[in-house]
Structure formats: structure tokens, C-alpha cells
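Single-structure report; data block below.
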Amino acid sequence: MHKTMKRIAAGLVAITGALSATAASAPMSVFAEDEQILIQSDFEAGIGIPWNTLENAPARQDFDISDGTYNITIQNNDGPESRWDLQLRCRNISIHKGHTYKVHWKVNSSNEGELYTRIGNYSGTVEVWHNNCTDGTFNQCWDCVPIKKGHNEFDATFTADQDVEVAEWAFHYG
């Protein structure tokens, strides 16, 4: 990442995946056939698990969960792998081939910058979605998502082209 983004994920409050476009958007939720597939769908109770942060030293970040948001402060974004050194991720998501997912997410950032977001397997060798791609645009979406200072909101719909029984949704921003 070229510019430091302090509190990049402050306000990361809504993620929705659905098999139909009619599913209601709820904070931190992913729906498949109207069934919630994210274990933790909001941060209103101050609970973040299974969402967690990851650092690749010397990159460093702090977090707190308050006012219904998962707040991250980047202390040092100068790690050995640049954009991969700091992450926010949710694991234990199951993605099914042929199902259509609607993704909605928000970031309230104190600085402009960029991030890479993906849904795929834990090792990073399989991705069914990244960087707000939609059906037919997967290979055109390799650039990081630009984040402006202040409120940012994103929506995308995709159909999974393969099963990922144990997937994660990760945000990379180091």
C-alpha cells in the first residue's frame, strides 16, 4: 500500500451475500438461500470473533470493537510483503459452486489508500471473488480497491465458479 490508512476498517459494518437479489442487507451478513452464513454478523455487542486481525512483523496494527464497528489503527505498515502484511479476516465460510452471492461492505477511513479484499481458501490459492468483481469481470479486477478518506461503501454480486468448503473473507492492507 502506498499511503498509510489509519483506522482503515473503522466502520466496516455490512457484508451481504445472497442467492437472490431480494435478500435484505444486514450488518456483517452473508446469506445463501436466505440463510446467514457468517457466524458473526455485526459488532453491536462488542464481539468480533470469528473476525480477527493478522500481522506480518514488523507491520503492526491495533484494534478495538466499539460503537458497533471493528476499528483498526495501523501502527506500522512497513512489513516485508507490503499489501499482504496486515489483514482483517473472517474464516469458516462455506461457498458453493453455482450459488450467487451479494457482497456489501463499508469502510470509514481517516486517510486515503487502498486494500485488497478476497473470498477464497485459507492458503490464497483459490479465489471465488476479489476487489468487487462481478460475474464476467473477475480477471479485470486485480488492482486494489481505492479507499478515499471518510465513508466508502461497496456492493458486488458474483456466482461462485467452484466450491470452497472452508473459505475466508480477507481484507489485506499492509
Could we say that residue 94 is in a loop (DSSP other than H, G, I, E, B) and at pLDDT 90 or above here? no
Being in a strand (DSSP E or B) and surrounded by fewer than 19 Cβ atoms within 10 Å (Cβ to Cβ) is the filter here; which residues of the range 142-163 pass it? 146, 150, 151, 153, 154, 155, 157, 159
What's the number of the condition residue 128 fails, among (1) in contact (Cβ under 8 Å) with a residue 40 or more places away in the chain; (2) in a strand (DSSP E or B); (3) surrounded by 12 or more Cβ atoms within 10 Å (Cβ to Cβ)? (1)
Kindly evaluate residue 122 against the criterion of being surrounded by 15 or more Cβ atoms within 10 Å (Cβ to Cβ) and among the hydroxyl-bearing types (Ser, Thr, Tyr). no
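A quick yes/no check of all residues on (1) surrounded by fewer than 15 Cβ atoms within 10 Å (Cβ to Cβ); (2) within 11 Å of the chain's Cα centre (by Cα); (3) among the charged types (D, E, K, R); (4) closer than 25 Å to residue 74 by Cα:
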{"residue": "101", "(1), (2), (3), (4)": "no, no, no, no"}
{"residue": "140", "(1), (2), (3), (4)": "yes, no, no, no"}
{"residue": "165", "(1), (2), (3), (4)": "yes, no, yes, no"}
{"residue": "171", "(1), (2), (3), (4)": "no, yes, no, yes"}
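The values are calculated or read from the model by the stated rules, or taken from the named source; none is laboratory data. None of these values were measured; they are calculated from a predicted model. Methodologically, a virtual Cβ is constructed for each residue, glycine included, from the backbone with ideal geometry; neighbour enumeration extends over all protein chains shown.
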